[in-house]
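Before any comments, here is the structure.
The values are calculated or read from the model by the stated rules, or taken from the named source; none is laboratory data. Keep in mind that what you see is a predicted model, and the values were worked out from it rather than measured. Please note: Cβ atoms are built from the backbone with ideal geometry, for glycine as well, and neighbour counts cover all protein chains shown.
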Amino acid sequence: MSQSLLEENVASHETPGSKFFPTFLPTAALEAEADQRLAQFPENQKRSAVLPILHFIQHHHGFISAEAIEWVAGRLDIAPIKVLEVVTFYPGFRQSAPGKFHVRVCRTLSCAMGGSHELMDKLCELTGIDRSHSDSHHHPVTVSPCGKWSVEFAECLASCGTAPVCLVNDDFHEGVAPAGAADLLAKYPD
């Protein structure tokens, strides 16, 4: 089976976390969401629906795959590169599967001074994650060998007074000292 030019050049790489997320398929729910978003914009401004549609896809599929980019481009009648530009511009979009539990650790000044880098080190130690090959811009997410955990640094999570802070999936945690990393992870059993 041959790959498209998009798949050859920006294909999402497999991670151990892939097993926790469904393969991208345009479901009835996705079609309905796209229809609803497209109805909010004039016909000549369909591309304005790109962000909400991408958010919906990532929420349900864990990340934005090359197939998803192609599908969104087709629905919006734009070139796939225009969708890819959005995906690669916004750090909240992932191009590969995270772990079942994705931890985003704030690294801005207050959190860094409060121990966020040490927290990241402890989380990696406890989950078996090796960030030595992490690229904080192009591939900021690093996944544990079992696929259950993934980590990445995040920019300000808007709680400087309770640093360090992190998100586990959509759950916000404040004042997480490195010594409390094991307790944090224990809140997310299989």
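Residues in the stretch 55-82 that are within 19 Å of THR15 (Cα to Cα) and either outside any loop (DSSP other than H, G, I, E, B) or of a type in the set (Val, Ile, Thr) (or both): ILE57, GLN58, HIS59, HIS60, HIS61, ILE64, ALA66, GLU67, ALA68, ILE69.
Which residue out of GLU85, GLU118 is over 30 Å from SER48 (Cα atoms), out of contact with any Ser or Thr (no Cβ under 9 Å at 6 or more places or on another chain) and either assigned to a helix (DSSP H, G or I) or not acidic (Asp, Glu) (or both)?
Details: GLU85 fails: over 30 Å from SER48 (Cα atoms).
Residue meeting the stated conditions: GLU118.
Only residues that are part of a helix (DSSP H, G or I) and either over 28 Å from GLY99 (Cβ atoms) or at pLDDT below 95 (or both) were counted in the stretch 35-54, giving 11. Restricting attention to the stretch 155-167, the residues that are within 18 Å of the chain's Cα centre (by Cα) and buried (at least 20 other Cβ atoms within 10 Å of the Cβ) total 3.
Determine if the stretch 58-72 includes at least one residue that is among the aliphatic types (A, V, I, L, M) and over 16 Å from the mean Cα position of the chain (by Cα). Scanning the stretch 58-72, I find at least one residue that is among the aliphatic types (A, V, I, L, M) and over 16 Å from the mean Cα position of the chain (by Cα), so the answer is yes. Listed by first and then second residue, the pairs linking a residue in the stretch 143-171 that is on the phi > 0 side of the Ramachandran plot to a residue that is assigned to a strand (DSSP E or B), with Cβ atoms under 7 Å apart and 6 or more places separating them unless they lie on different chains, are ASN169/PHE101; ASN169/HIS102.
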